[in-house]
Amino acid sequence: MKIRIYYDSTDAGGIVYHTEYIKFCEQARSEIFFSNNIFFEKNEGYVVKNLNATYIKPAKLGDIIEIKTDILEIKKASLKIRQEIFKENEKIFEIELNVAYLKNSKISKIPLTHLKLLNDYKK
């Protein structure tokens, strides 16, 4: 997924706020489902259990960045994911995270429709 950096994601010097990288990755994960016509119901979704983020170089106002997503591990109710952000083919950010699937506020088995799609991103 590609995103242009707008003013609302930057500080007064035009540098992207550190939390925005996590938001960009969240948007890219959501877009995987939305672009495949999978929309979440009110009582379901994925929640982040933990994450490890590495900031390598900054992105700035006007830059176009690309977020790449790889699924490292698929379990019955959780995923291990790595996402990388690139600017002009140079990696500037990396995050590894574990997410759990919840339905009705309880950890639940990942639906088959999700698994079929997620396997396309498995590394």
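General remarks:
- Listing of strands (runs of 3 or more DSSP E) fully contained in region 1-100 that carry 3 or more residues being basic (Lys, Arg) and in contact with a helix residue (DSSP H, G or I) (Cβ under 9 Å, 6 or more places away or on another chain): none
So that you can scan it fast, the table gives a plain yes or no per residue for (1) surrounded by 12 or more Cβ atoms within 10 Å (Cβ to Cβ); (2) of a type in the set (Asp, Glu):
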{"site": "Glu20", "(1), (2)": "yes, yes"}
{"site": "Ile32", "(1), (2)": "yes, no"}
{"site": "Tyr55", "(1), (2)": "yes, no"}
{"site": "Lys60", "(1), (2)": "yes, no"}
{"site": "Lys68", "(1), (2)": "yes, no"}
{"site": "Lys80", "(1), (2)": "yes, no"}
{"site": "Gln83", "(1), (2)": "yes, no"}
{"site": "Glu88", "(1), (2)": "no, yes"}
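So that you can scan it fast, the table gives a plain yes or no per residue for (1) under 19 Å from Ile74 (Cβ atoms); (2) touching a Lys or Arg at 6+ places or on another chain (Cβ under 6 Å); (3) touching a residue at least 24 places away in the same chain (Cβ under 8 Å):
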position: Ala28; (1), (2), (3): yes, no, yes
position: Phe34; (1), (2), (3): no, no, no
position: Val47; (1), (2), (3): yes, no, yes
position: Thr54; (1), (2), (3): no, no, yes
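- Only residues that are within 21 Å of Ala53 (Cβ to Cβ) and of a type in the set (D, E, K, R) were counted across region 89-123, and they come to 5.
- The residues in region 20-36 that are among the small types (Gly, Ala, Ser) and over 13 Å from Lys2 (Cα atoms) can be counted, and the count is 2.
Readers should treat all values here as calculations from the given coordinates under stated rules, not as data from a laboratory. Since the model is a prediction, treat every value here as computed from it, not as a measurement. Cβ: placed from backbone, ideal geometry, glycine included. Neighbour counts: every protein chain shown.
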